[in-house]
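Asker: Quick one: the structure is below, and I'll ask about it shortly.
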Amino acid sequence: MSAEILPTHTAALFEHAVKRAAALLRAGELVALPTETVYGLAANALDPVAVAKIFTVKGRPARNPLIVHIASLDQARACAAAWPPLAETLARAFWPGPLTLVLPRSPLIPDLVTASGNTVGLRWPSHPFIQAVLRECGFPLAAPSANLSNRVSPTNASHVFEQLGDALALIVDGGQSQVGIESTVVDISAGPARVLRPGMIHAASLAAVLGETLAGPPVPSPSSSGTLRSPGLLQKHYSPRARLMLLTWADEADLNRQVGALCLNRARCHVLAHTQVPAPEGFGRVCLIPHDAEAFARALYAELHCCDAHGAETILVELPPATPEWAGVIDRLRRAAA
Ligand code: AMP
Ligand code: MG
């Protein structure tokens with residue numbers, strides 16, 4: 001099988017792709033489709049046989065739960081066993097958008113989706129294509145990123161095709177993902193709200209809406225196997241094939257000194273910089289990403305895919321500042337470097 005890629009850049013093409021995607025999803029098949037965070041590998045979240053295909057195709061560990069995508073507050077409430085005032089506040093402030101709320105799960109949601117836990121992660125995405133498919137289907141969609149497990153998430157249709165083109169019938173092309181990294185995950189299932197995974201809706205925005213500071217992610221357990229204290233906190237994740245290193249350098253001479261001290265093969269080093277940009281001579285590639293957290297997040301995965309495609313051995317990334325708006329980007333960079 002080689003996936004068909006359907007474009008969506010006119011109203012007629014968009015409508016055709018919605019119909020085709022919904023037909024496959026109703027038949028229990030998987031479809032790769034655009035969301036504003038990254039491309040998702042979608043299945044009917046209420047059909048355990050369809051959901052099982054996601055784990056098989058991705059090679060995803062069963063202990064890593066899936067986010068359930070919905071397209072209305074009513075649909076969200078139907079997937080949860082409780083809808084506390086905090087859920088209403090956060091949903092009204094940030095949905096549709098890159099925020100996942102972890103809530104007590106409804107019995108409607110199969111075990112496979114929640115990694116057998118008693119909570120479910122819910123998100124109302126803002127991308128018009130997945131919204132249209134959700135409306136057409138009428139059921140929620142489980143959709144992790146459309147990549148092989150542990151690899152870099154796709155932010156355009158070609159990224160999906162490279163990794164999963166042979167395993168899928170349909171990839172829908174909805175352009176470049178505008179957020180570019182995975183959603184912020186906030187656990188409001190019990191006790192005070194806690195950020196499980198930082199993202200582009202950052203702690204300061206959440207605090208502004210909630211009127212209080214949120215707890216951060218629990219410290220991941222050192223073991224990479226066995227049961228996770230909290231699901232979905234795999235430390236090694238989102239990795240390019242090349243080794244990624246996070247560095248700071250005062251200027252070009254300082255960077256060159258560090259490359260020498262680390263005994264790196266300069267010709268196979270790719271540099272991703274946002275403030276101190278070295279001259280490209282001798283490096284495999286030097287890439288300037290704007291010093292702006294949103295622009296950086298949007299570009300990051302495409303740059304990592306590009307490094308891998310060009311045979312990078314090492315990716316040197318200039319460490320961004322430790323301010324709230326960069327927290328999601330720094331989280332993904334640290335996991336990619338782990
Ligand atoms: P992704 O692989 O990007 O689709 O994101 C799935 C991630 O969402 C998981 O790895 C978890 O971090 C988080 N998640 C989803 N459902 C839950 C849940 N029930 N409890 C805690 N985290 C969850
Ligand atoms: Mg993923």
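The values are calculated or read from the model by the stated rules, or taken from the named source; none is laboratory data. Because the structure is a prediction, the values reported are computed rather than measured. Glycine also receives a Cβ, built like all others from the backbone with ideal geometry; neighbour counts cover every protein chain displayed. The accessibility values were calculated without ligands, DNA or RNA, using every heavy atom of the protein model including side chains. Shrake-Rupley method; radii C 1.70, N 1.55, O 1.52, S 1.80 Å.
Asker: Just one of (1) surrounded by 19 or more Cβ atoms within 10 Å (Cβ to Cβ); (2) modelled with pLDDT under 95; (3) not hydroxyl-bearing (Ser, Thr, Tyr) trips up LEU234, so point out which.
Answerer: (1)
Asker: Given the residues LEU73, LEU122, which is the only one that is at pLDDT 95 or above, surrounded by fewer than 16 Cβ atoms within 10 Å (Cβ to Cβ) and either within 15 Å of ligand 1 (Cβ to nearest atom) or not acidic (Asp, Glu) (or both)? Working first, answer last.
Answerer: Values: LEU122 fails: surrounded by fewer than 16 Cβ atoms within 10 Å (Cβ to Cβ).
On inspection, the qualifying residue turns out to be LEU73.
Asker: If you scan the stretch 156-199, which residues turn out to be under 19 Å from LEU103 (Cβ atoms) and of a type in the set (A, V, I, L, M)?
Answerer: Selection gives VAL185, VAL186, ILE188, ALA190, ALA193, VAL195, LEU196.
Asker: Among the residues in the stretch 48-69, are any away from ligand 1 (no atom under 13 Å from the Cβ) and either more than 30 Å from VAL152 (Cβ to Cβ) or in a strand (DSSP E or B) (or both)?
Answerer: Among the residues of the stretch 48-69, not one is away from ligand 1 (no atom under 13 Å from the Cβ) and either more than 30 Å from VAL152 (Cβ to Cβ) or in a strand (DSSP E or B) (or both), which makes the answer no.
Asker: Tell me, please, whether a residue that is more than 20 Å from LYS53 (Cα to Cα), crowded, with 17+ Cβ neighbours inside 10 Å and more than 13 Å from ligand 2 (Cβ to nearest atom) can be found in the stretch 137-152.
Answerer: No, every residue in the stretch 137-152 fails to be more than 20 Å from LYS53 (Cα to Cα), crowded, with 17+ Cβ neighbours inside 10 Å and more than 13 Å from ligand 2 (Cβ to nearest atom).
Table: residues versus (1) modelled with pLDDT under 95; (2) surrounded by 12 or more Cβ atoms within 10 Å (Cβ to Cβ); (3) farther than 22 Å from ALA338 by Cβ; (4) of a type in the set (A, V, I, L, M).
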residue: SER230; (1), (2), (3), (4): yes, yes, no, no
residue: SER239; (1), (2), (3), (4): yes, yes, no, no
residue: LEU246; (1), (2), (3), (4): no, yes, no, yes
residue: ASN256; (1), (2), (3), (4): no, yes, yes, no
residue: ALA273; (1), (2), (3), (4): no, yes, no, yes
residue: ALA293; (1), (2), (3), (4): no, yes, no, yes
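Asker: Still on this model: Among the residues of the stretch 312-330, what is the count of those that are open to solvent by 30 Å² or more (accessible area, probe 1.4 Å) and in contact with a Gly (Cβ under 9 Å, 6 or more places away or on another chain)? So that I can check it myself, show each step before the final result.
Answerer: Taking the stretch 312-330 as the starting set, the residues that turn out to be open to solvent by 30 Å² or more (accessible area, probe 1.4 Å) are 313, 319, 321-325, 327.
From the residues that got through so far, the ones that are in contact with a Gly (Cβ under 9 Å, 6 or more places away or on another chain) too are 313, 327.
Going through the stretch 312-330 one residue at a time, the tally reaches 2.
Asker: Let me ask something else. In the stretch 88-107, which residue that is under 16 Å from LEU73 (Cα atoms) and in a loop (DSSP other than H, G, I, E, B) is most open to solvent (accessible area, probe 1.4 Å)?
Answerer: We begin by selecting, within the stretch 88-107, every residue under 16 Å from LEU73 (Cα atoms); these are 88-106.
Subset that is in a loop (DSSP other than H, G, I, E, B): 95-98, 106.
Numbers: TRP95: 22, PRO96: 58, GLY97: 2, PRO98: 22, SER106: 8 Å².
So the residue we want is PRO96.
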